[in-house]
């Protein structure tokens, strides 16, 4: 058993989720509507613009992890990336929504280039940030406490960024609203990056020797880890489900429910429960284990999504109530796998004496990024198949087939993906006993 981390470090590490939560949420929520209903880009093309930069991250994230594994720095190999990449990401995000809008082609090209640049900067922030828990402590339970802070702050960041961004856009109108969203979210990203960099200052990292060999060799080692494969597959499928639901919020509010202002209400109903239930999930995990907690949270998430489908004809209040159940499940489905990842990486490092947590995290964030990126792309494909009509004012009448497509893409499809994720999770075997055995072997 190792000493508990100071509260300052837990809170400081959690602040990094202000940056990851804001960037992970707002593009998924508003970039697709910005393209289809502000720039007039066809739904299929808009889906590709949102998807391709994130697909680039799938290739870049393991590289970022390997680079951070090999950095030598007296305060830890990860912290310098938090400051540099976080500040760059904040500036690029401000520019993302500040491009030309008079020409559909020019505006679409601007978004494609700037979103690619944002995705690149984000890779070099996110991968080192997610890698840090395995090097801040060896303790199995302490990592869960770190993740409790991270998920609580993540939920607050998602709530603030995702809840206020549509309201800012609607209050200022399409011309200046999206630009103001860029400034607002860019400020959040910068604050989160600075907070994580400062809050983790002065903590001696638990570091192993960086693993030798090429990146390809390290990736093959990671690929042969069955517990990691199972966890990554499960989390990637759930990221796809989350990305699909997130992409559908604005469309469901405006078209299915006929209430543009409801997008904020639905988003808050989805995210706000995490602020209250994350500590509850921590206690459940301490009692039944992280894997069992992950399964329980996933079942609640899927059940809530099915209820949204069954109740969507009853209006905003009924849908919001069902989304609250989705949010309760989402909190646990985020916290548990995030706490399980450093266990897998730490078991490998403690048994081999070589640190490849950056490579593990790079592959992990690549899977998560791919899932979240495919979500809007899948939703855009569903819109296209349903015959969605794009416009520059967001007022085009939609056929019934498009309304049906929006509803199914927001409810039953995510529920099916969440349940599918439980299949690979059955083979995951790392628990507290395995972590303690590996720790004793390393000491």
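Key figures
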read-out: Leading residue by the ranking (modelled with the highest pLDDT) among those in the range 76-104 that are assigned to a loop (DSSP other than H, G, I, E, B) and within 24 Å of residue 364 (Cα to Cα); value: 78
read-out: Criterion violated by residue 307 - all others in (1) modelled with pLDDT of 85 or more; (2) over 24 Å from residue 164 (Cα atoms); (3) surrounded by fewer than 20 Cβ atoms within 10 Å (Cβ to Cβ) satisfied; value: (3)
read-out: Helices (runs of 4 or more DSSP H) within the range 359-443 that include 1 or more residues modelled with pLDDT of 80 or more and crowded, with 18+ Cβ neighbours inside 10 Å; value: 400-410, 412-425
read-out: Residue check for residue 163: at pLDDT below 90, at positive phi and surrounded by fewer than 24 Cβ atoms within 10 Å (Cβ to Cβ); value: no
read-out: Qualifying positions in the range 310-323 - surrounded by fewer than 17 Cβ atoms within 10 Å (Cβ to Cβ) and closer than 22 Å to residue 154 by Cα; value: 321
read-out: Residue within the range 52-65 that is in a helix (DSSP H, G or I), touching a strand residue (DSSP E or B) at 6+ places or on another chain (Cβ under 7 Å) and surrounded by fewer than 18 Cβ atoms within 10 Å (Cβ to Cβ) present; value: no
read-out: Whichever residue in the range 275-302 is closer than 27 Å to residue 261 by Cβ and in contact (Cβ under 8 Å) with a residue 12 or more places away in the chain and, among such residues, is surrounded by the most Cβ atoms within 10 Å (Cβ to Cβ); value: 301
read-out: Of all residues making up the range 35-49, the number that are part of a helix (DSSP H, G or I) and in contact with a helix residue (DSSP H, G or I) (Cβ under 6 Å, 6 or more places away or on another chain); value: 7
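Rundown of residues vs (1) in contact with a strand residue (DSSP E or B) (Cβ under 6 Å, 6 or more places away or on another chain); (2) surrounded by 23 or more Cβ atoms within 10 Å (Cβ to Cβ); (3) closer than 20 Å to residue 200 by Cα; (4) touching a residue at least 40 places away in the same chain (Cβ under 8 Å), yes/no style:
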| site | (1), (2), (3), (4) |
| --- | --- |
| 91 | no, no, no, yes |
| 100 | no, no, no, no |
| 116 | no, no, no, yes |
| 122 | no, yes, yes, yes |
| 130 | no, yes, yes, yes |
| 135 | no, yes, yes, yes |
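The values are calculated or read from the model by the stated rules, or taken from the named source; none is laboratory data. Predicted model, so just to flag it, every value in this text is computed and none were measured. Neighbour counts run over all protein chains shown; Cβ positions are idealised from the backbone, glycine included.
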